[in-house]
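Some notes on the structure that comes next.
Quick note: the coordinates plus some simple rules give every number you see, no bench work behind them. Only a predicted model underlies this, so the values are computations on that prediction, with no experimental measurement involved. So basically every Cβ, Gly included, is an ideal-geometry build from the backbone, and we count neighbours across all protein chains shown.
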Protein chains: 2
Amino acid sequence: MHGPLIKYINDYATTPLTGSEVELIKNTFVPKRIRKKQYFLQEGEVCKYFAFIVKGAMRQYSVDDKGAEHIVQLSIENWWAVDRESFVMLTPSVYNIDAWEDTEALLTTRADILNLYNQIPALVEMARKMDEKHSIANQRRLNASISFPAEKRYSDFANCYPEFLQRFPQHIIASYLGITKETLSRIRKQMLKK
Amino acid sequence: MHGPLIKYINDYATTPLTGSEVELIKNTFVPKRIRKKQYFLQEGEVCKYFAFIVKGAMRQYSVDDKGAEHIVQLSIENWWAVDRESFVMLTPSVYNIDAWEDTEALLTTRADILNLYNQIPALVEMARKMDEKHSIANQRRLNASISFPAEKRYSDFANCYPEFLQRFPQHIIASYLGITKETLSRIRKQMLKK
DNA sequence: CGGTCTCTTGACGGAGTTCAAAGCTAGTGG
DNA sequence: CCACTAGCTTTGAACTCCGTCAAGAGACCG
């Protein structure tokens, strides 16, 4: 169960985890099943857990005044699911996170992970690199959202994350891109002509 | 000259910097003047330096096919200026960073800062917290850009960063929000009526 | 089967863009 | 002290992309 997480950390760190470090991690990250449609986090709650996805798919979204969902993050295997703002600041979250497919995840709390940071340098390194990667991806997405028209955003997304097109339906992708499902449908039709 | 940076780090870290650590930092961060309109980074270059702004204001933006600028980041005193993607991955940047006002900054390279991370735990801690904060801010902005209409994005921005309204002209703010200067002008007119 | 979820299509409306022109402001030099 | 310029903001009119609403067509699953 913890294999993918250990591999993930080792891939990011310069020196591999020792046996005792692996044990620590196994004791700290607790396996949890989240069934399709089940909430991992609901709006208004504090996000207590940081989840590493071993299998499955999750989505993070806000809901506006009119009840419309806006997807801010999609995650599949070897990704993380968490509302960082709520997790770090201990403030109520404005987001919901739920499972789009039946999911197996590894959960840890803020206290436990801070504790691990003190004991496992490789984990600190991994966290830093992960944050950097995350930060970069967000920067790109932000730049795309203010600089590019919908069609280019979609084709960039399709190139960059082809797996996601298989795993999530179109109206979810549309919401992630900040457009409606109808607009995405029309864009795809346009693109076929070329 | 290094005072604000030392203070900044101490504010983020749990234990204050020792005298020798302060010395290390002073030797690693090199002061640099960047005059108004002068480039700190040009599109196509690799971003070699990480800048802490002691005094002044800078902007980071991309330029699209039609020559229009899209502001992705604005920074003033006690903020950082860098294209993280280029800095970390050593890839040519798609952004420009230039000084909007005469600026005094403290510069360091990737090699030097990685080196410092090994010697100053407080700096690692500061970097982690800074990344977290940055990540959170980006998440908010992203969510805003796909969830909220222009007027709400502007009023949120005005509440959150009132200093920026003083320091940057309207057309810069408009670009940062992903709208045209004309639209922002009309939005402000609307808001005055209320 | 019937129900739920998903995708498509059309007609209409609205938020925001584009283009063009004019007004405003602050700094510069005579 | 005034004239001039450059950068910034405002305004109007036409247009465009995208959202909204509504209806229908597949597809999948119990």
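Quick rundown of the values:
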quantity	calculated
Calculated from backbone phi, Karplus (6.51, -1.76, 1.60) coupling profile of the stretch A:129-139 in Hz, x at Gly/Pro	5, 5, 4, 4, 4, 4, 4, 5, 4, 5, 4
Cα-based Rg of the stretch B:55-108 normalised by 2.2 N^0.38 Å, two decimals	1.18
For chain B, built as a Gaussian network whose Cα springs stay under 10 Å, the top-fluctuating residue of B:L106, B:L184, B:L165	B:L165
Amide N proximity, the stretch A:167-194 versus A:S155 label position 7 Å along Cα-to-Cβ, cut-off under 15 Å	A:187-194
Residues with amide H under 5 Å from that of A:S93, placed H, sequence gap 5 or more	A:G44, A:E45, A:V46, A:C47
Most mobile listed residue (B:I179, B:I34, B:I53) in chain B, GNM with C-alpha springs under 10 Å	B:I179
Above-threshold pairs, the threshold being 31 Å between Cα atoms, out of A:K7/B:K26; A:K66/A:K152; A:K32/B:K152; A:K152/B:K36; B:K66/B:K133	A:K7/B:K26; A:K32/B:K152; A:K152/B:K36; B:K66/B:K133
Karplus-derived HN-Hα couplings along the stretch A:95-110 (A = 6.51, B = -1.76, C = 1.60, θ = phi - 60°), whole Hz, x at Gly and Pro	10, 10, 10, 9, 8, 8, 10, 4, 10, 10, 10, 10, 10, 9, 9, 5
In Hz, Karplus ³J(HN,Hα) per residue of the stretch A:140-148 (6.51, -1.76, 1.60; θ = phi - 60°; x = Gly, Pro)	4, 5, 4, 4, 4, 5, 9, 10, 10
Order of B:Y95, A:Y61, A:Y12 - criterion: other Cβ atoms within 10 Å of each residue's Cβ, fewest first	A:Y12, A:Y61, B:Y95
Zone residues, the stretch B:167-184, relative to B:E101, backbone N less than 17 Å from point 7 Å out along Cα-to-Cβ	B:167-173
Fraction of the pair-distance distribution of chain A above 22 Å, Cα-Cα pairs, percent	52
